[in-house]
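Q: Right, I'll just put the structure down here and ask away after.
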Amino acid sequence: MPLSRAYRPQSFKDVTGQQHITETLRKEVESGILGHAYLFSGPRGIGKTTTARIFAKALLCLHPKKGEPDNVCDACTDVTGGRCIDLIEMDAASNTGVDNVREAIVEHVRFAPARWKRKVYVIDECHMLSASAWNALLKTLEEPPEYAVFVLATTELHKVPATIVSRCQRFEFKRIQPDAMAERLRFLAKEEGLKVDDDVIHAIVRTADGYVRDAESLLDQIASLGDKKVTRDIAELILPVSRLPLAVDLLRVSSARDVGGTLSLLRTYVDDGVPVMTLFDDLLSVVRSLIRAEDPNERKLLSGGPVAGLLDTFNRSELGDIALLLIERRRDAKSGLDPVFALELAVLAMAGGMLPGAWDAKSGLQSAPVSQPPPVPSKKEQTITNDDRSTPHDQSLSRAQPRDPTPSTPLDLSTVQMKWTQIVAAVLKENRALPFILKIC
């Protein structure tokens, strides 16, 4: 049996990283002040369905202890064993139609509980219900029988009608923090008799990215190899190989404004068979981590990771420019441009200090903006009306006086950045190839 099922939490205190929700639900059960409908939303694999089942068990429990199910009474054992007749679970992903809702809920809820004191309906992936199904359920959710409690779970809250959301108590589940997930993995490893190195635990936590079910599945796959002592070499047979160090090295060389060295390093990666699109993603992941390092808590977590050496290398403005540049070049690669060439263009702009927020590695000063020619007057502006025509005497004077080559309005970097999109759009009308070059500036 998978670890996620064998060690599924059976009480509120066992749920990982959702104390802000489990404590509220526990107190509602303890006080007896309950709502008639609850809406659990959040990403996949973080405990929504598990919490819904524990909540249902606590509501049906014959002898709850401070809001927690005792897990020994007949009601609790029926729920744990999946044979409770008064707990109705419905997978909305496979029962989307109005007939399913009418048969399983609307017609069923009118009858009193068959054995226990309440009837609890858990509707998983509720955002998959059709509009007609929601309409059929609306009146029941608004005025249900006093013994009925509804728990809806969804990963896509925006697809749930507002009329449904307004009738429910809403609970937003969050991704699991690294410390809480690492503690959960150590507990599972201890229960399974595994000795897992700390760097393996950290690698699993980093790969799972806040989704505890993914972390448990990875640990389950590693445990299936049969070794009781799990080292990094063993774990790498299952865990995806991280190329973040390669991305970190590429950004480190580019920060020194060494264009030749950066392009040479990139060519080495390509010759070694590193997937270019994966390298794009790793570069974006590193830049995102550096941006998040503005938060002191995130910086503390990153200080021991592979990006620690880059934490003070780039300024905020340059990080934003690099992120936008990589996103743009990655989009070009997806659109048919040679991925290697797209990444070379990005590397050229980063290492060459061409980005607006870049700093000169030698002088420590911000790179000067590229001077732009004065705007060309439109044909309308060049047209001279009869009233504005100058006399021959005025024309002779204007020819005699030299013109000031400096435009009346000074052109600064902020003005160029603000109007850059308009400039590129205007150039596109005259030359379809030139805007591609301008986008990397």
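Q: How many residues does segment 123-155 hold that are among the aliphatic types (A, V, I, L, M) and under 19 Å from Glu172 (Cα atoms)? Quick ask: steps written out before the conclusion?
A: Of segment 123-155, the ones among the aliphatic types (A, V, I, L, M) are 123, 128-129, 131, 133, 136-138, 141, 148-149, 151-153.
Going one step further and asking which of them are under 19 Å from Glu172 (Cα atoms), we end up with 123, 128, 149, 151-153.
Residues flagged as among the aliphatic types (A, V, I, L, M) and under 19 Å from Glu172 (Cα atoms) within segment 123-155 amount to 6.
Q: Among all residue pairs at least 6 apart or on different chains, which show Cβ distances below 6 Å where the first residue, located in segment 188-203, is touching a residue at least 24 places away in the same chain (Cβ under 8 Å) and the second is assigned to a strand (DSSP E or B) and of a type in the set (D, E, K, R)?
A: Lys195/Lys229
Q: Considering only residues of segment 207-261 that are closer than 30 Å to Phe187 by Cβ and of a type in the set (S, T, N, Q), which is surrounded by the fewest Cβ atoms within 10 Å (Cβ to Cβ)?
A: Ser224
Q: Being under 16 Å from the mean Cα position of the chain (by Cα), within 22 Å of Ala346 (Cα to Cα) and surrounded by fewer than 17 Cβ atoms within 10 Å (Cβ to Cβ) is the filter here; which residues of segment 286-322 pass it?
A: Within segment 286-322, Arg288, Ile291, Arg292 meet the criteria.
Q: Look at segment 262-280 and say how many of its residues are in contact (Cβ under 8 Å) with a residue 12 or more places away in the chain and farther than 18 Å from Gly320 by Cβ.
A: At the first step, the residues of segment 262-280 found to be in contact (Cβ under 8 Å) with a residue 12 or more places away in the chain are 262-263, 265-266, 269-270, 274, 276-280.
Add one more test, that the residue is farther than 18 Å from Gly320 by Cβ, and what stays is 262-263, 265-266, 269-270, 274, 276-279.
Result for segment 262-280: 11.
Q: Has segment 51-67 got at least one residue that is in contact (Cβ under 8 Å) with a residue 60 or more places away in the chain and in a loop (DSSP other than H, G, I, E, B)?
A: no
Q: Hey, could you check segment 18-50 for residues that are in a loop (DSSP other than H, G, I, E, B) and in contact with a Ser or Thr (Cβ under 8 Å, 6 or more places away or on another chain) and say which is nearest to Ile164 (Cα to Cα)? Spell out the reasoning first.
A: Initial filter on segment 18-50 (in a loop (DSSP other than H, G, I, E, B)): 18, 32-36, 42-47.
The next check asks that each one be in contact with a Ser or Thr (Cβ under 8 Å, 6 or more places away or on another chain); those that pass are 18, 42-44, 47.
Working: Gln18: 24, Gly42: 17, Pro43: 19, Arg44: 21, Gly47: 22 Å.
Step by step, filter segment 18-50, then rank; the result is Gly42.
Q: Then there is this: For segment 68-82, name all the residues that are in a helix (DSSP H, G or I) and surrounded by fewer than 20 Cβ atoms within 10 Å (Cβ to Cβ).
A: Here is the first cut: in segment 68-82, the ones in a helix (DSSP H, G or I) are 74-81.
Scanning segment 68-82 gives Asp74, Thr77, Asp78, Thr80, Gly81.
Q: Which number in (1) modelled with pLDDT of 90 or more; (2) assigned by TED's automatic domain parsing to the domain that holds Gln18; (3) out of contact with any strand residue (DSSP E or B) (no Cβ under 9 Å at 6 or more places or on another chain) marks the one condition that Ala136 misses?
A: The single condition Ala136 does not satisfy is (1).
Q: Only residues in segment 80-97 that are farther than 14 Å from Val122 by Cβ and touching a residue at least 12 places away in the same chain (Cβ under 8 Å) count as the first member; pair them with residues that are hydroxyl-bearing (Ser, Thr, Tyr) and not in a loop (DSSP other than H, G, I, E, B), Cβ under 8 angstrom, at least 6 apart or cross-chain, and list the lot.
A: Gly97/Ser132
Q: Additional query: Looking at Glu183 and the list (1) touching a helix residue (DSSP H, G or I) at 6+ places or on another chain (Cβ under 9 Å); (2) of a type in the set (Asp, Glu); (3) not assigned by TED's automatic domain parsing to the domain that holds Leu60, which single condition is not satisfied?
A: That leaves (1) as the condition not met.
Q: Considering only segment 292-360, give the helices (runs of 4 or more DSSP H) lying wholly within it that have at least 2 residues that are in contact (Cβ under 8 Å) with a residue 60 or more places away in the chain and either over 20 Å from Pro245 (Cα atoms) or in contact with a strand residue (DSSP E or B) (Cβ under 9 Å, 6 or more places away or on another chain) (or both).
A: Per the criteria, 316-334, 339-351.
Q: Let me ask something else about it. Six or more apart or on different chains, Cβ atoms under 9 Å: show the pairs whose first residue is in segment 116-143 and without any contact (Cβ under 8 Å) to a residue 24 or more places away in the chain and crowded, with 21+ Cβ neighbours inside 10 Å and whose second is of a type in the set (Lys, Arg) and not in a helix (DSSP H, G or I).
A: Here the result reads none, with nothing in segment 116-143 linked to a residue that is of a type in the set (Lys, Arg) and not in a helix (DSSP H, G or I).
Q: Could you check how many residues of segment 183-207 are more than 16 Å from Leu301 (Cα to Cα) and small (Gly, Ala, Ser)?
A: Residues flagged as more than 16 Å from Leu301 (Cα to Cα) and small (Gly, Ala, Ser) within segment 183-207 amount to 2.
Q: Ok, one more. Within segment 23-68, can you find the residues that are basic (Lys, Arg) and closer than 18 Å to Glu146 by Cα?
A: Filtering segment 23-68 down to residues basic (Lys, Arg) leaves 26-27, 44, 48, 53, 57, 65-66.
Once the filter is applied, which keeps residues that are basic (Lys, Arg) and closer than 18 Å to Glu146 by Cα, segment 23-68 yields only Lys57.
Each row is one residue, and each column tells you yes or no for (1) part of a helix (DSSP H, G or I); (2) modelled with pLDDT under 85; (3) within 19 Å of the chain's Cα centre (by Cα).
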{"position": "Ala215", "(1), (2), (3)": "yes, no, yes"}
{"position": "Gly226", "(1), (2), (3)": "no, yes, no"}
{"position": "Asp233", "(1), (2), (3)": "yes, yes, no"}
{"position": "Ile238", "(1), (2), (3)": "no, yes, no"}
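Q: Evaluate the following for Val151: is it farther than 25 Å from Gly17 by Cα, in the same structural domain as Ala37 (by TED's automatic domain parsing) and surrounded by 15 or more Cβ atoms within 10 Å (Cβ to Cβ)?
A: Details: farther than 25 Å from Gly17 by Cα: no; in the same structural domain as Ala37 (by TED's automatic domain parsing): yes; surrounded by 15 or more Cβ atoms within 10 Å (Cβ to Cβ): yes.
So Val151 fails the test.
Q: If you don't mind, there's one more thing I want to ask. For residues in segment 90-105 being modelled with pLDDT of 85 or more and touching a Leu at 6+ places or on another chain (Cβ under 8 Å), which is nearest to Gly32 (Cα to Cα)?
A: Here the answer is Ile105.
The values are calculated or read from the model by the stated rules, or taken from the named source; none is laboratory data. Given the structure is predicted, the values throughout are model-derived calculations rather than measurements. As a convention, Cβ positions derive from the backbone with ideal geometry for all residues, glycine included, and neighbour counts pool all protein chains shown.
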